[in-house]
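Quick notes on the structure that follows.
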Protein chains: 2
Amino acid sequence: MATSSDTDSSNPKRDQILKTGRELFWKFGFRRVTVEELCREAGVSKMTFYKYFSDKMDLAKTIMNDFGEESIARYRAIMDSDLSYPEKVYRLLRLKKEQTEAMSDEFFRDYTSQADPEMLEHVQEMSAGVFQMFMDDFSKAQQEGDIRKDVKVEFILYFLNHMMEMVQDEKLLALYDTPQDLAMEFINFFFYGLIERDRK
Amino acid sequence: MATSSDTDSSNPKRDQILKTGRELFWKFGFRRVTVEELCREAGVSKMTFYKYFSDKMDLAKTIMNDFGEESIARYRAIMDSDLSYPEKVYRLLRLKKEQTEAMSDEFFRDYTSQADPEMLEHVQEMSAGVFQMFMDDFSKAQQEGDIRKDVKVEFILYFLNHMMEMVQDEKLLALYDTPQDLAMEFINFFFYGLIERDRK
DNA sequence: GTAAGATAATACATATTTCGTACAATAATA
DNA sequence: TATTATTGTACGAAATATGTATTATCTTAC
């Protein structure tokens with residue numbers, strides 16, 4: 001797993017390439033962005049690019065990796081905090097929204113279709129890791145009485161995954177004065193249908 | 001000006017190509033989209049594509065042209081309606097927002113950098129036409145007392161062009177509970193700072 | 001059913017783009 | 001000043017896109 005992200009000795013040029021790569025890949029996907037264009041946007045010569053990254057895919061791997069690690073860190077930061085469980089879930093939602101907005105489907109699709117098997121495996125390992133963390137946190141929350149004992153974890157995952165889509169559903173939105181109202185409706189539903197009854 | 005938009009005999013395949021072209025060009029710009037990919041997405045063979053359009057640029061021209069004509073038609077529909085002047089301006093704003101959201105900068109940049117001079121001229125003529133219409137409508141509104149006599153048309157144009165950016169300004173947004181509040185603030189400012197005093 | 005026209009699938013030669021590297025010139029740095 | 005990092009340009013090789021030709025398949029009106 002020798003991607004260029006291992007050595008993070010802050011390097012302005014390399015950082016600039018990473019930053020530009022994120023922006024362009026996020027926006028247009030992997031295959032639609034050329035190395036030349038990326039260098040132009042980053043204000044960096046092609047030689048410098050190939051100095052820090054072996055090729056375009058290497059950059060993509062680094063970006064994916066950084067993104068994954070950052071996501072995990074932020075997830076852990078929320079779950080390990082002293083916040084109430086409802087507040088934690090709320091922040092997870094915001095985190096998810098922020099991230100799915102940032103990362104384009106395009107990039108992920110291009111990436112998974114062109115990355116080598118080794119790296120795909122790594123991404124899947126990270127995903128599996130997050131899933132396991134979520135499961136553990138969920139069990140803990142059940143044991144501590146934050147969540148009803150008879151709720152399936154799959155249901156929660158499904159609900160979280162779809163909540164952001166639902167709150168953007170046109171027909172639903174039409175029923176509320178503002179998008180915020182609908183979001184609030186969902187969050188209330190989520191908690192007051194879920195939280196242990198004898199809790200405040 | 002023999003683009004393929006002249007003959008609009010409804011043709012499902014051709015329409016499908018136009019629709020897909022709009023989607024992909026809007027999203028990724030002109031040069032990032034290939035004919036092959038476009039055909040794939042439209043569910044159409046390459047032969048069919050080249051039957052209806054001489055090449056990719058021809059499709060882009062048609063899309064641009066349709067977009068321009070549709071914009072002009074919608075502008076006229078608003079201005080020629082019996083709505084109050086404030087209501088007209090409000091609808092123009094919404095129209096502008098809708099359209100700038102739909103049309104990506106990418107497409108416009110790619111287009112203007114690669115389209116032939118003849119077509120560029122055509123786009124500019126359309127723009128000029130809209131500008132002239134706006135000027136005429138503005139004069140009319142001044143004569144009819146909807147707008148103060150001492151306001152420069154350039155100011156209005158500038159203000160309208162920047163209003164949508166301003167209502168999305170982070171720092172401004174931070175001052176209001178909801179984005180809607182800020183938008184309302186702007187619209188109120190626009191009208192009550194502009195409308196003839198002796199009008200209701 | 002069948003003939004005619006439209007569309008798809010495939011293959012292909014050509015043109016264009018992109019990639020990755022080499023090398024000389026320039027800027028930054030210690 | 002010596003050294004290192006970076007740029008700009010050029011370039012061949014590889015990959016990709018273009019536009020056309022051909023043949024097969026699908027529609028549909030008769």
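What follows draws every value from the coordinates through simple rules; no lab data is involved. Keep in mind it's a predicted model, so treat the numbers as computed, not measured. With ideal geometry, Cβ positions are generated from the backbone for all residues, glycine too; neighbour counts draw on all protein chains shown.
In percent, how large is the relative contact order of the stretch B:14-121, given Cα pairs closer than 8 Å and 6 or more residues apart?
Contact order relative to length: 43 percent.
Please report how far the C-alpha centroid of the stretch B:77-98 lies from that of the stretch B:43-63, rounded to the nearest whole angstrom.
34
With label points built 7 Å along Cα→Cβ from the Cα atoms of B:D105 and B:K140, find their separation and express it in nm.
Once both label points are built, they end up 3.4 nm from each other.
Order A:19-26, B:79-86 from most to least packed using the mean count of other Cβ atoms within 10 Å.
A:19-26, B:79-86
Which whole-Hz ³J(HN,Hα) couplings does the stretch B:34-48 yield from phi under the Karplus relation 6.51 cos²θ - 1.76 cosθ + 1.60, θ = phi - 60°, glycine and proline marked x?
9, 4, 4, 4, 4, 5, 4, 4, 7, x, 9, 7, 4, 4, 4
Using the structure shown, list the pairs from A:K97/B:K19; A:K61/A:K97; A:K96/A:K140; A:K27/A:K96 with a Cα-Cα distance above 25 Å, or answer none.
Distance filter (> 25 Å) returns A:K97/B:K19.
Using amide H atoms built 1.01 Å from N in the peptide plane, name the residues 5+ places from A:G29, or on other chains, whose amide H lies under 5 Å from its own.
A:F107
Please average, across the residues of B:25-38, the number of beta carbons from any other chain that are within 10 Å of each residue's own beta carbon, and give a whole number.
If you average over the peptide's residues, the count of other-chain Cβ atoms is 2.
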